[in-house]
């Protein structure tokens with residue numbers, strides 16, 4: 001999962017993997033003869049865990065958020081997602097590949113389209129069926145809108161498949177140049193009609 005390096009770097013991965021279990025919420029108070037005293041260790045653990053839980057939920061996309069709606073701890077979220085998304089079931093793999101085959105840019109920007117493609121790419125990797133960069137390139141090329149598809153001929157002939165970052169940069173540049181060209185063509189007629197065309201000489205009075 002993409003959050004694992006971040007959690008390890010922050011030194012809190014032991015919360016999500018269950019290495020550190022939740023302390024008891026109350027401790028025995030010998031002076032009061034009851035267990036009514038709140039455990040300070042529990043309060044600290046709860047505070048840390050809720051911060052991690054918030055970070056995990058914030059990082060999830062809408063299509064998987066419903067899987068963890070009932071989870072109240074970071075460990076519950078991690079365990080649920082690991083079980084649901086890392087299951088290499090044939091039905092899930094087929095579903096992800098089907099979503100990739102049906103992915104189209106349409107009216108979306110290059111950035112949004114590439115984010116959708118990267119999301120599917122990452123889900124396949126998390127499910128234990130990583131996609132090769134070559135196949136990733138082909139799926140992305142297949143779903144591009146017509147205005148950008150003319151770039152595919154030059155990219156597809158490269159000896160090595162492009163990484164996500166390189167492919168994204170190529171498509172962004174082409175999108176920028178295409179939009180600039182379209183804008184110039186749209187403004188040219190008005191300029192010609194107002195200033196570039198020769199003016200008709202005025203009519204002379206009839207003698």
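If you take the square roots of the eigenvalues of the alpha-carbon gyration tensor of the range 67-127 and sort them as a ≥ b ≥ c, do you get rounded (a/c under 1.5), prolate (a/b over b/c) or oblate?
Cα axes put the range 67-127 in the oblate bin.
Calculate, in nm to one decimal, what residue 22 and residue 48 gain on full extension: separation in residues at 0.36 nm each, minus their alpha carbon distance.
8.3 nm
What is the spin-label model distance, in nm, from residue 156 to residue 94 if the labels are put 7 Å beyond Cα along the C-beta direction?
Between residue 156 and residue 94, the simple spin-label model gives 2.8 nm.
Between residue 14 and residue 164, what length comes free when the chain is fully extended (0.36 nm per residue of separation minus the Cα-Cα distance, one decimal in nm)?
So the chain would gain 50.9 nm between residue 14 and residue 164.
Show me the ranking of peptides 119-129, 39-49 by mean Cβ neighbours inside 10 Å, starting with the highest.
Ranked from most to least packed, the peptides come out as 119-129, 39-49.
Kindly put 106, 150, 135 in sequence by how many other C-beta atoms sit within 10 Å of each C-beta, fewest to most.
Result, fewest neighbours first: 106, 150, 135.
Among rounded, prolate and oblate, which fits the range 3-85 when a ≥ b ≥ c are the square roots of the eigenvalues of its C-alpha gyration tensor, a/c under 1.5 means rounded, and a/b larger than b/c means prolate? Provide the component values of the computation, followed by the final result.
On the way: a/c = 3.01, a/b = 2.19, b/c = 1.37.
Here the range 3-85 falls in the prolate category.
Which residues in the range 56-77 have a backbone N closer than 17 Å to a point placed 7 Å from the Cα of residue 38 along the Cα-to-Cβ line?
It comes to no residues whatsoever.
Residue 179 to residue 125: extension gain in nm, 0.36 nm per residue of separation minus the Cα-Cα distance?
Numbers: separation 54, 0.36 × 54 = 19.44 nm, distance 3.42 nm.
Length gained between residue 179 and residue 125: 16.0 nm.
Could you rank the peptides 164-175, 60-71 by their average count of other C-beta atoms within 10 Å per residue, with the highest value first?
With the highest mean Cβ count within 10 Å placed first, the list reads 164-175, 60-71.
Would you please give the FRET efficiency between residue 111 and residue 82, computed as 1/(1 + (r/R0)^6) with r the Cβ-Cβ distance and R0 = 30 Å, to the nearest 0.05?
Computed FRET efficiency for residue 111 and residue 82 comes out at 0.55.
Computed from the coordinates by the stated procedures, all read-outs in this text should not be read as laboratory data. All values derive from a computational prediction rather than experimental measurement. Please note: Cβ atoms are built from the backbone with ideal geometry, for glycine as well, and neighbour counts cover all protein chains shown.
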